[in-house]
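J.: First the structure, which I've put down as structure tokens, then a few questions once you've had a look.
The values are calculated or read from the model by the stated rules, or taken from the named source; none is laboratory data. If you're wondering where the values come from, they're calculated on a predicted model, not measured in any experiment. Glycine also receives a Cβ, built like all others from the backbone with ideal geometry; neighbour counts cover every protein chain displayed. Accessible surface areas use protein heavy atoms only, side chains included; no ligands, DNA or RNA. Shrake-Rupley method; radii C 1.70, N 1.55, O 1.52, S 1.80 Å.
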Amino acid sequence: MTKSEYNNPDRPLRVLVSGGGTGGHIFPAVSIANEVRRRHPDAEILFVGAEGRMEMQRVPAAGYDIKGLPVAGFDRRRLWRNFAVLCKLWRSLRMANGILRDFRPDIAVGVGGYASGPMLKAAQRHGIPTLLQEQNGYPGVTNKLLAKKADAICVAYDNMDRWFPADRIVMTGNPVRAAITAVTATPAEAKKALGFDPGRPLVLSVGGSLGARTVNEAISAAIPQIEKAGAQLLWQTGKLYADECSAKAQGHPDVHASAFIDDMAMAYRAADLVVSRAGAGTISELELVGAPVILIPSPNVAEDHQRKNALALVDKGAAVMIEDAEATAKLGAELERLLADADTRRSMSQSIKAMSRPNAASDIVDRLEQIVADRNQPKSQHS
């Protein structure tokens, strides 16, 4: 395979997007694909994910084809299990080569997740340009390795030249779901639509689709202080803790506990204060809507990246952080303090909004198009 096979300007643009594993990887990937399709209606877009991971359902639901690789993460605690992981990696690399031969992309985009490693590595070996999208303030091992040969690395945090080649870093922010900014309701209208009193403050707690045990335990312990402050609570528990948290909400008429929130955009608009983990995707949504937030970083993530994400906001007065181990003891008092201090909430809202990058998907696709155009440009005979 030669580079010219992949860079024929006389055929529709072909973009391969690889990665997934969590919503924080999938939402940006789909947002990038949507922007490519908006600009190039005839573009051919193929996703490559990891077998058994959520992208295998979410991507087709968004209207895109996806192929799965049998790749899995390394088990750092039970090293003897990694023989099987290495076998899956070898098979994934072989399959990645076949996907490249069949699809012949103009560019490969990696958004993080198990599949992006072998897929982007294979693309780089075949001379296909690659663009990485790093959501976190502390990059994962895969992106750090791929960055050495990437044409561009699109980031959402400052000082990423500690890990990536400075001349290839593009500050774009993280793309988020378009629906997040499409709400036209006022905060009072949003509260009413969600079944709350529009004249009283609302706390929104979000812990992800599965839920976060520490966040839920801390919220449960904080209910008396939320009520004491005259506030209401919209409690997204996650499906693992739905029954347990619903039982704890019984007898508290101003507490609405639910496994899922169907309309997160409306929930954000209604909230006066948010309690959340510090995943990059969620933070990007909070930045766009300007929500004052208490972040409780998960300690169960690679390289402790959620804590680093949170600190980037704390350093700019855009959020409050409570360590996971201290959340149950401290959250109630922090909620009570902030609910009583509208000025501080307003300042936090302005600071976090100032960090937003509302044109992230557009900026990423601008760079993607430039990379493809540069590759299609005939080289000077004197170069």
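J.: Could you give every pair whose Cβ atoms fall below 7 Å, whose first residue belongs to the stretch 249-261 and is closer than 14 Å to residue 232 by Cβ, and whose second residue is of a type in the set (Val, Ile, Thr), counting only separations of at least 6 or pairs across chains?
T.: 249/255; 252/223; 255/223; 257/237; 258/237
J.: May I pose another question? Considering the stretch 252-268 alone, what residues qualify as being farther than 20 Å from residue 331 by Cβ and open to solvent by 10 Å² or more (accessible area, probe 1.4 Å)?
T.: 253, 259, 260, 262, 263, 264, 266
J.: Kindly provide the set of residues from the stretch 132-163 that are surrounded by 19 or more Cβ atoms within 10 Å (Cβ to Cβ), part of a loop (DSSP other than H, G, I, E, B) and at pLDDT below 95, ordered by number.
T.: Of everything in the stretch 132-163, those that are surrounded by 19 or more Cβ atoms within 10 Å (Cβ to Cβ), part of a loop (DSSP other than H, G, I, E, B) and at pLDDT below 95 turn out to be 134, 135, 136, 137, 138, 139, 140, 156, 157.
J.: Here's a follow-up. Every residue in the stretch 142-182 that is out of contact with any Pro (no Cβ under 6 Å at 6 or more places or on another chain) and over 22 Å from residue 361 (Cβ atoms), please.
T.: Result: 144, 145, 148, 149, 159, 161, 162, 165, 166, 167.
J.: With the structure loaded, tell me whether residue 322 is within 17 Å of the chain's Cα centre (by Cα), β-branched (Val, Ile, Thr) and either closer than 15 Å to residue 355 by Cα or crowded, with 19+ Cβ neighbours inside 10 Å (or both) or whether it fails that test.
T.: It is false that residue 322 is within 17 Å of the chain's Cα centre (by Cα), β-branched (Val, Ile, Thr) and either closer than 15 Å to residue 355 by Cα or crowded, with 19+ Cβ neighbours inside 10 Å (or both).
J.: List the residue pairs whose Cβ atoms are under 6 Å apart, where the first residue sits in the stretch 202-214 and is modelled with pLDDT under 90, the second is crowded, with 24+ Cβ neighbours inside 10 Å, and the two are 6 or more positions apart or on different chains.
T.: Within 6 Å, the pairs are 207/215; 211/237.
J.: In addition: I'm told residue 29 meets every condition in (1) at pLDDT 70 or above; (2) surrounded by fewer than 23 Cβ atoms within 10 Å (Cβ to Cβ); (3) under 19 Å from residue 364 (Cα atoms); (4) among the small types (Gly, Ala, Ser) except one. Can you identify the failing condition by its number?
T.: Evaluating residue 29 over (1) at pLDDT 70 or above; (2) surrounded by fewer than 23 Cβ atoms within 10 Å (Cβ to Cβ); (3) under 19 Å from residue 364 (Cα atoms); (4) among the small types (Gly, Ala, Ser) leaves (2) as the failure.
J.: Go through the stretch 224-257 and report how many residues are out of contact with any strand residue (DSSP E or B) (no Cβ under 6 Å at 6 or more places or on another chain) and modelled with pLDDT of 90 or more.
T.: Qualifying residue count for the region: 14.
J.: Inspect all residues belonging to the stretch 72-93 and state whether any of them is within 24 Å of residue 364 (Cβ to Cβ) and modelled with pLDDT under 90.
T.: Among the residues of the stretch 72-93, not one is within 24 Å of residue 364 (Cβ to Cβ) and modelled with pLDDT under 90, which makes the answer no.
J.: Please enumerate the residues belonging to the stretch 89-127 that are buried (at least 24 other Cβ atoms within 10 Å of the Cβ) and free of Cβ contacts under 8 Å to residues at least 24 places away in the same chain.
T.: Answer for the stretch 89-127, where residues must be buried (at least 24 other Cβ atoms within 10 Å of the Cβ) and free of Cβ contacts under 8 Å to residues at least 24 places away in the same chain: there is none.
J.: State the number of residues belonging to the stretch 284-300 that are out of contact with any Ser or Thr (no Cβ under 8 Å at 6 or more places or on another chain) and within 17 Å of residue 350 (Cα to Cα).
T.: So the count comes out to 1.
J.: Considering only residues that are of a type in the set (Val, Ile, Thr) and more than 21 Å from residue 168 (Cα to Cα), which ones fall in the stretch 93-133?
T.: Answer for the stretch 93-133, where residues must be of a type in the set (Val, Ile, Thr) and more than 21 Å from residue 168 (Cα to Cα): just 99.
J.: Taking the stretch 164-184 on its own, how many of its residues are surrounded by 15 or more Cβ atoms within 10 Å (Cβ to Cβ) and outside any helix (DSSP H, G or I)?
T.: Looking only at that region, the number is 10.
J.: Mind counting the residues in the stretch 38-58 that are part of a helix (DSSP H, G or I), among the basic types (Lys, Arg) and over 24 Å from residue 373 (Cβ atoms)?
T.: Qualifying residue count for the region: 1.
J.: So residue 35 fits all but one of (1) outside any strand (DSSP E or B); (2) crowded, with 20+ Cβ neighbours inside 10 Å; (3) modelled with pLDDT under 95; what number is the exception?
T.: (3)
J.: I want to confirm something. Restricting to the stretch 1-18 and keeping residues that are modelled with pLDDT of 85 or more and not aliphatic (A, V, I, L, M), which single residue is most open to solvent (accessible area, probe 1.4 Å)?
T.: The selected residue is 12.
J.: Quick check on residue 371: is it touching a Gly at 6+ places or on another chain (Cβ under 8 Å), at pLDDT 95 or above and either open to solvent by less than 30 Å² (accessible area, probe 1.4 Å) or in a loop (DSSP other than H, G, I, E, B) (or both)?
T.: It is false that residue 371 is touching a Gly at 6+ places or on another chain (Cβ under 8 Å), at pLDDT 95 or above and either open to solvent by less than 30 Å² (accessible area, probe 1.4 Å) or in a loop (DSSP other than H, G, I, E, B) (or both).
J.: Which of the residues spanning the stretch 294-311 are open to solvent by less than 40 Å² (accessible area, probe 1.4 Å) and either more than 19 Å from residue 22 (Cβ to Cβ) or of a type in the set (Ser, Thr, Tyr) (or both)?
T.: 294, 298
Residue-wise test of (1) aromatic (Phe, Trp, Tyr); (2) within 30 Å of residue 370 (Cβ to Cβ); (3) in contact with a helix residue (DSSP H, G or I) (Cβ under 6 Å, 6 or more places away or on another chain); (4) not in a helix (DSSP H, G or I).
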{"site": "196", "(1), (2), (3), (4)": "yes, no, no, yes"}
{"site": "200", "(1), (2), (3), (4)": "no, no, no, yes"}
{"site": "217", "(1), (2), (3), (4)": "no, no, yes, no"}
{"site": "224", "(1), (2), (3), (4)": "no, no, no, no"}
{"site": "227", "(1), (2), (3), (4)": "no, no, no, no"}
{"site": "230", "(1), (2), (3), (4)": "no, no, no, yes"}
